[in-house]
Structures are given as C-alpha cells and as structure tokens.
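The values are calculated or read from the model by the stated rules, or taken from the named source; none is laboratory data. Only a predicted model underlies this, so the values are computations on that prediction, with no experimental measurement involved. Quick reminder, even Gly has a Cβ in these numbers, built from the backbone with ideal geometry, and neighbours come from all protein chains shown. Keep in mind that these areas ignore ligands, DNA and RNA; they rest on the heavy atoms of the full protein, side chains included. Shrake-Rupley method; radii C 1.70, N 1.55, O 1.52, S 1.80 Å.
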Amino acid sequence: MVFVLDNTENFYVEQMVLGSIIAFPEKFSDKLSRLSRDLFTSEEHIKIFDILIHLDGKYSDGWDDSMVLDQIAASGGEVKVEYAHCYERARRTAPMDSLIRVLLEAAQERYLRSAYSDLFNGITSPSAVELKAITEHAINAYSYAEAETGEYQGFIDNMGKPVDVIFTKYQKLDYLLDGIRQGTLTIIGARPSVGKTTFSLNIAQNVAGYGRKVAYFTLEMTRDMIIEKLISRGMKVDYKGVRQNINPADTMRFFEETGLTENLRIIDNISTVEDICDYITREKPDLAVVDYVQIVDTLKKEDTVRTKIDYISGRLKQAAKRSRCRVILLSQLKRPESGIVKPPTMNDLKESSGLEQDGDYIIMLYRPYVQDKSFTEAGGYKYKPYESAALLEKNKFGFIGECKLFFDGAHQDFREAT
C-alpha cells in the first residue's frame with residue numbers, strides 16, 4: 001500500500017502565512033528570515049514568497065500590500081489569483097510561530113518521503129546505514145531553534161555548545177576577537193593606499209580556504225583585478241607579472257586545491273546596498289566583504305554623504321543579523337594633517353558616526369610608511385615599507401589590541417609578524 005499525504009490543510013497554512021505577511025508587514029515581516037522557498041508546495045506561493053523577500057531586502061523603511069501587488073501584476077494571472085486567495089486568509093492575530101512549525105514539519109516529511117520513497121512504500125527493507133541516514137535527516141533538516149522555544153529556551157538548549165565563529169587566520173587578531181560571530185558587522189578602516197582591499201581579500205581567502213562560503217563585493221576593482229591578487233599571494237608570483245608568469249593549468253589547480261572555486265564568489269556587477277543585502281539574505285554566505293562604503297550606491301535618496309553612509313551601514317547590519325552572516329565593510333579614513341604620522345582611531349572614520357555605532361568590531365589598518373616615506377643616508381627609512389598593524393579599536397565581545405603585520409607588496413600579502 002502506498003501512503004499518500006493529504007496536503008490540503010498545509011496548502012491553506014501556506015496561504016495564511018503569506019497572506020498575513022502581505023497584509024500586516026509591520027507585524028510579521030520579520031518572520032521572512034525563518035522561511036525558505038522549499039517550505040511552499042506551489043509555484044505561485046514560491047513566486048509570492050520571492051517577491052516578499054525582494055521587497056524586504058530592498059526597502060528597510062517598510063513596504064505595504066500595494067507594493068506587493070505592483071510586483072504581482074507582472075507575474076501572470078495564476079499568481080494574481082493565488083495572491084487574492086492568500087490575502088483573504090490574512091489574520092492580524094495569526095499564530096505565526098505555530099503555522100511556520102507546520103510548514104517546517106510538512107517540508108521535512110516531503111523531503112524524507114522523496115529521498116526514501118522505496119523504503120516508505122515497502123518496496124525494499126532499510127539497512128542499518130539507511131535507517132541511520134533517515135534519522136540524521138529527521139534531526140537535522142529544517143531545525144529552527146527559534147520556533148516555539150520561547151525567548152530563552154533556544155539559548156539554554158545551546159549552552160555548552162561551541163559558538164559558530166569564523167577565524168581570520170591571523171593568530172593575534174583571532175585571539176583578540178575570539179572569532180567573528182554570526183550576525184555581526186565588522187568595519188575595517190584605512191587611509192588611501194594602505195592596503196585595505198588586500199588585507200580584506202587576504203581574510204576572505206583564508207576563510208574560504210577552510211571551507212566557509214564567502215561573497216566578496218568589489219565596487220572599485222574588477223573581478224579580474226581581484227583574481228590577480230589571489231593568484232599573486234597564493235602562488236607566490238610577482239604581482240606585476242601575474243599574467244605572464246603562470247600557466248592556465250597550474251592556476252586552475254591552485255583554485256581547486258585551495259577551495260576558492262567552490263567557496264569564494266567575487267561579485268563586481270552589484271553596486272547598490274539594496275542589491276547587496278538582497279544577495280546576502282538570499283544566499284546566506286558565512287562571510288560577506290563589501291569594498292568600500294564610500295562608493296556603495298543606494299536607491300534611497302539621501303540629503304548628505306553622512307546620512308547616506310549611515311543608511312548603508314544600518315542596512316548591512318540588518319542583513320547580517322537576518323541571515324546570520326558576518327559582514328565586513330571597508331571604509332576610507334580621513335587624511336591626516338600634513339606632516340603628522342599617527343595611528344588612526346575611530347574618530348577618523350570618514351563622514352559617518354553610523355559606522356562607529358553599527359560596527360560590532362572596528363579594525364584600523366595602519367602602515368606609517370604611506371604617510372612618511374622620508375629617507376636619510378644615515379638612518380635609512382624612518383618607517384620601513386613593510387611595517388604595518390591591524391589595530392582592533394572596538395570589540396563588543398572581548399579584547400581590543402594590536403596585531404603587528406608585515407606587508408609583502410610583491411605578493412599582495414599581509415603576514416603576521418612573528
């Protein structure tokens with residue numbers, strides 16, 4: 001006998017969830033972060049869900065049902081009809097957590113029945129290995145600690161378990177940070193030509209190298225320019241002659257062996273903060289790097305550069321929290337007064353108080369040689385070109401301090417001083 005699940009009731013639940021979010025976004029839009037496309041069983045519901053995610057990522061000040069309807073109009077007649085049905089089932093007092101749990105459990109059951117249909121239908125007998133796999137899927141698939149656990153129970157359930165953090169692979173910096181936590185915004189500030197792109201790319205390369213997913217948004221440089229930096233550092237090829245001194249086979253082998261082809265996405269065709277946040281919310285990388293805030297664009301018109309940067313940092317902070325991603329945002333710093341060489345501080349963050357406020361971690365990259373290249377026959381350079389430091393100025397979760405670095409310009413590499 002073949003067991004067939006009656007999905008009629010679950011279909012109504014899908015309609016109520018979508019309709020309630022559409023009709024009352026001020027009450028339920030935060031629930032979108034707990035949903036995904038595979039919780040819905042019809043193409044129309046999936047299209048409506050995609051529209052809601054798009055609007056939620058693009059309009060931080062909120063959206064309403066009329067904006068949803070504008071998007072629906074371009075999606076075809078069947079979607080418009082189903083949108084109307086969803087709207088009819090909208091309830092301001094909908095027990096949303098319970099409804100989401102119904103969708104989660106139904107999706108989990110669909111997955112298990114699809115993956116092990118022969119076992120469920122009695123065609124074959126499960127082996128011990130197959131039974132173990134079924135059990136693991138049942139435990140792991142769609143496990144959301146937030147649903148119906150109360151405000152504190154989820155925290156209590158995870159006490160004693162290691163916190164999910166990523167490491168930069170700079171030992172002293174990681175010691176001070178104790179790893180970068182989920183849902184946080186890190187600001188890396190530096191004066192022009194100090195190497196903030198290279199330093200952030202070194203971190204992204206390190207993180208991708210141990211299997212974490214990284215999205216690198218480059219707004220100033222092209223994808224090819226970024227790849228040249230990766231090759232120079234990873235293959236120890238002089239940066240000036242990258243294209244002339246390597247062969248394609250060795251390069252491809254380097255990318256595959258280091259995991260970069262699988263784990264590092266370099267994105268140079270997105271320029272607005274709304275689209276960046278939409279990507280982060282949709283793809284949920286472990287780490288996203290944005291280079292750099294002063295040239296990020298926005299669809300929202302702001303009166304001043306200060307309010308624009310504050311808006312951008314706020315949107316990225318929201319995207320990090322919603323997707324449980326870690327976002328690193330690069331920023332130019334104010335130029336120092338002529339002839340003065342001193343380490344940068346948070347007061348030097350250019351044209352913004354929002355960066356200092358929104359940043360969970362703030363790191364200042366310092367290379368004094370860039371400010372003072374003076375040379376004397378007797379003493380040589382006052383500051384050597386390779387002397388650098390990462391100054392951790394703000395850390396909501398632990399220590400502040402300094403990680404001394406050497407800059408290898410020939411290979412685009414910041415190395416920790418031993």
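Within the range 370-384, at least one residue is among the hydrophobic types (A, V, I, L, M, F, W, C) and modelled with pLDDT of 85 or more.
The residues of the range 178-213 that are of a type in the set (A, V, I, L, M), within 13 Å of the chain's Cα centre (by Cα) and outside any helix (DSSP H, G or I), listed by number, are Ile180, Leu185.
All of (1) in contact (Cβ under 8 Å) with a residue 60 or more places away in the chain; (2) surrounded by fewer than 18 Cβ atoms within 10 Å (Cβ to Cβ) hold for Arg37 with one exception: (1).
Conditions tested, residue by residue: (1) touching a helix residue (DSSP H, G or I) at 6+ places or on another chain (Cβ under 6 Å); (2) open to solvent by 30 Å² or more (accessible area, probe 1.4 Å); (3) within 20 Å of Phe28 (Cα to Cα).
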| residue | (1), (2), (3) |
| --- | --- |
| Asp275 | no, yes, no |
| Ile280 | yes, no, no |
| Ile295 | no, yes, no |
| Leu299 | yes, yes, no |
| Thr304 | no, yes, no |
| Lys308 | no, yes, no |
| Ser313 | yes, no, no |
| Ser323 | yes, no, yes |
| Leu329 | yes, no, no |
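Of all the residues in the range 45-77, those that are touching a Lys or Arg at 6+ places or on another chain (Cβ under 8 Å), surrounded by fewer than 17 Cβ atoms within 10 Å (Cβ to Cβ), assigned to a helix (DSSP H, G or I) and at pLDDT below 85 number 0.
The rows are residues; the columns are (1) touching a Cys at 6+ places or on another chain (Cβ under 6 Å); (2) open to solvent by 90 Å² or more (accessible area, probe 1.4 Å); (3) closer than 27 Å to Ala208 by Cβ; (4) at pLDDT below 75.
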residue: Arg113; (1), (2), (3), (4): no, no, no, yes
residue: Ala141; (1), (2), (3), (4): no, no, yes, yes
residue: Asn158; (1), (2), (3), (4): no, no, yes, yes
residue: Asp178; (1), (2), (3), (4): no, yes, yes, no
residue: Pro192; (1), (2), (3), (4): no, no, yes, no
